[in-house]
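The values are calculated or read from the model by the stated rules, or taken from the named source; none is laboratory data. In this text, all values refer to a predicted model and were calculated from it rather than measured experimentally. Note that each Cβ is placed from the backbone with ideal geometry, even for glycine, and that neighbours are counted across all protein chains shown. What goes into the accessible areas is simple: the full protein's heavy atoms, side chains included, and nothing from ligands, DNA or RNA. Shrake-Rupley method; radii C 1.70, N 1.55, O 1.52, S 1.80 Å.
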Amino acid sequence: MRQVVREFQQKADDADFVAVIDDTGPHTARELLTEAGRLAEMLSAGAAGGAGCTVMVQADNSWRTVAATLAVGLTGGVLAVVNRHTTQAEFTAAWEDIRPDAVVAEPSAMDDWSVPGLLPGQAATVLGGFSCLTAARRRDTSRWSGGVLIGLTSGSTGRPKGVVQSEQALRYAATSTITVNGLAPGDAVAAIVPLSSTAAYCFGVYLSLLLRGPLVLMAKWDRAVALRRMADTGVRWTMCVPTMALQMGSEAAGSGVLGSVASITVGGGPMDRGALARAERSLGTKILRVFGMSECLGHTSPSPEDPEEIRLGRDGRPFPGTDLRAVTPEGRAAGTGVSGPAQVRGPSLFLGYARDGRVDPPALTEDGYFATGDLLMTHEDGTVTVMGREKDVIIRGGRNIDITEIERAVARYPRLARACVVAVPDEVLGERVALLVVTEDGGDIDLAEITGHLESTGLSKTKWPEFVYGVEELPQTKVGKLDRGTARELARRLRTAAGGGR
């Protein structure tokens, strides 16, 4: 983070400015740098030669996340961002992969994650009430091969994966987004999604540091607060998941309250063109449907000047310098109008996953492409459409939910003979989790019984099914395997027949 922090510091030295507006009010650049300097001293204490360290920080959508970024940049360290709602099991898995030298988080989070047992010592108070624990050992950030940010993603495995990105990748993705959306130095941008993911951090914190303008934050999602705060602070751009855009559109009630916002980038889940168009008209701005992933940041976008068919019906064009292609079963590039597994290469491609405290490089094709796990179709005008995932994941409100993890937890319930987790469509959330079950005794089973079992297994509540339907038998293929496609259609029919009830 050294480069962007150095530029930010130079701007603050020339003239102070409001750098963050959060739930507690405005915070100037110099105020943040003062807090960052105190934290940097603690992180550097005892480090040989002032070496930087790998710091795991609770990203809480407040000025603290920006100040922590500045501190890590001042010391030449590596930042790993984590969500407060991360479970202890998830944190432990991330810890094993990242092996941080320091942790900065709320005292209650430190206890919930059992950090004192991992980093014994006296906790220091930093950033207005957070705790900081550091390891008394030699620091070595070279283990990250030039990486400066580690963001956790569940991907399609259910286990957190630490995606390692370089500053060059962050700068390229953020600069490309600034250019596409016509943003200018000093513009205010909003971060209304949790800053604990690689993409949210890049297009929130890092992008705002590049612009050297206000970053407007809110700790907890509230559609009314989001609209009011963005309107009152003159926000020019934000990024969100489809659910948020639709909820804000409903809240705006046709008022055009975000008429001063140049555009809103929307990605991270299934999107309905008609619903997005209604939200766009209600908000008074332009919505841009995009495609990206933590492993290759925000690599497509339409332009605000594109017609609705392109902005809301497709997933944009690759950023300049990024190559995105669909491939045939034989591994050759597919022609226009032909869908196939997506592969991408470009300046925002990640360095690899965090494994055992270092970078595990990604598996690439001989010509340097990374398989995204999506199905893609390219159009003659260079725009692309993502057709869905190759693997079965459910994307609920922008969050990836691995069906295998849920099915394994459900399968341990003794009353069930067989179970299948599928997605059912939802206009606001994109998809919701449904469960088809065959019971051992042929009797009925209700949702409360299932969720009670899942709670006892420790499965995160965000992954619990929202609908359960008892069936005589799960759909099967001719060779006796589960037919997931037919199962999805069956769940949709059952939900429709039930009037959307559980």
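Return the only residue of THR404, THR365 being polar (S, T, N, Q), open to solvent by 40 Å² or more (accessible area, probe 1.4 Å) and either touching a residue at least 60 places away in the same chain (Cβ under 8 Å) or in a strand (DSSP E or B) (or both).
Of the residues listed, the single one that is polar (S, T, N, Q), open to solvent by 40 Å² or more (accessible area, probe 1.4 Å) and either touching a residue at least 60 places away in the same chain (Cβ under 8 Å) or in a strand (DSSP E or B) (or both) is THR404.
Can you tell me how many residues in the stretch 207-247 are modelled with pLDDT under 95 and either in contact with a Leu (Cβ under 8 Å, 6 or more places away or on another chain) or not assigned by the TED database to the domain that holds LEU170 (or both)?
Total satisfying the criteria: 4.
Restricting the stretch 295-330 to residues that are of a type in the set (Gly, Ala, Ser) and either without any contact (Cβ under 8 Å) to a residue 12 or more places away in the chain or open to solvent by less than 20 Å² (accessible area, probe 1.4 Å) (or both), which is farthest from MET271 (Cα to Cα)? Steps first, please.
Pass one, the stretch 295-330, residues of a type in the set (Gly, Ala, Ser): 298, 301, 303, 313, 316, 321, 326.
Now restrict to residues that are either without any contact (Cβ under 8 Å) to a residue 12 or more places away in the chain or open to solvent by less than 20 Å² (accessible area, probe 1.4 Å) (or both): 298, 301, 316, 326.
Details: GLY298: 16, SER301: 14, GLY316: 13, ALA326: 20 Å.
Within the stretch 295-330, the match that is farthest from MET271 (Cα to Cα) is ALA326.
Does any residue of the stretch 373-395 turn out to be out of contact with any strand residue (DSSP E or B) (no Cβ under 8 Å at 6 or more places or on another chain), of a type outside the set (Asp, Glu) and open to solvent by less than 60 Å² (accessible area, probe 1.4 Å)?
no
Could we say that GLY25 is closer than 24 Å to SER208 by Cβ and either assigned by the TED database to the domain that holds ARG137 or in contact (Cβ under 8 Å) with a residue 40 or more places away in the chain (or both) here?
Working: closer than 24 Å to SER208 by Cβ: yes; either assigned by the TED database to the domain that holds ARG137 or in contact (Cβ under 8 Å) with a residue 40 or more places away in the chain (or both): yes.
It is true that GLY25 is closer than 24 Å to SER208 by Cβ and either assigned by the TED database to the domain that holds ARG137 or in contact (Cβ under 8 Å) with a residue 40 or more places away in the chain (or both).
If you take the residues in the stretch 136-149 that are among the small types (Gly, Ala, Ser) and touching a strand residue (DSSP E or B) at 6+ places or on another chain (Cβ under 7 Å), which one is surrounded by the most Cβ atoms within 10 Å (Cβ to Cβ)?
Going residue by residue through the stretch 136-149, those that are among the small types (Gly, Ala, Ser) are 136, 142, 145-147.
Retained after the next criterion (residues that are touching a strand residue (DSSP E or B) at 6+ places or on another chain (Cβ under 7 Å)): 145-147.
On the way: SER145: 13, GLY146: 15, GLY147: 25.
So the residue we want is GLY147.
Contact list please: Cβ distance under 6 Å, first residue in the stretch 249-274 and in the same structural domain as LEU376 (by the TED database) and closer than 23 Å to ASP426 by Cβ, second residue in a loop (DSSP other than H, G, I, E, B) and of a type in the set (A, V, I, L, M, F, W, C), pairs at least six apart or on different chains.
Hits for this filter: THR265/VAL290; GLY267/VAL290; GLY268/VAL241; GLY269/VAL241.
Taking the stretch 392-421, which residues are of a type in the set (Gly, Ala, Ser) and within 26 Å of the chain's Cα centre (by Cα)?
Within the stretch 392-421, GLY397, GLY398, ALA409 qualify.
Which of the residues belonging to the stretch 451-460 are at pLDDT 90 or above and surrounded by fewer than 16 Cβ atoms within 10 Å (Cβ to Cβ)?
Those that are at pLDDT 90 or above and surrounded by fewer than 16 Cβ atoms within 10 Å (Cβ to Cβ): GLY452, GLU455, SER456.
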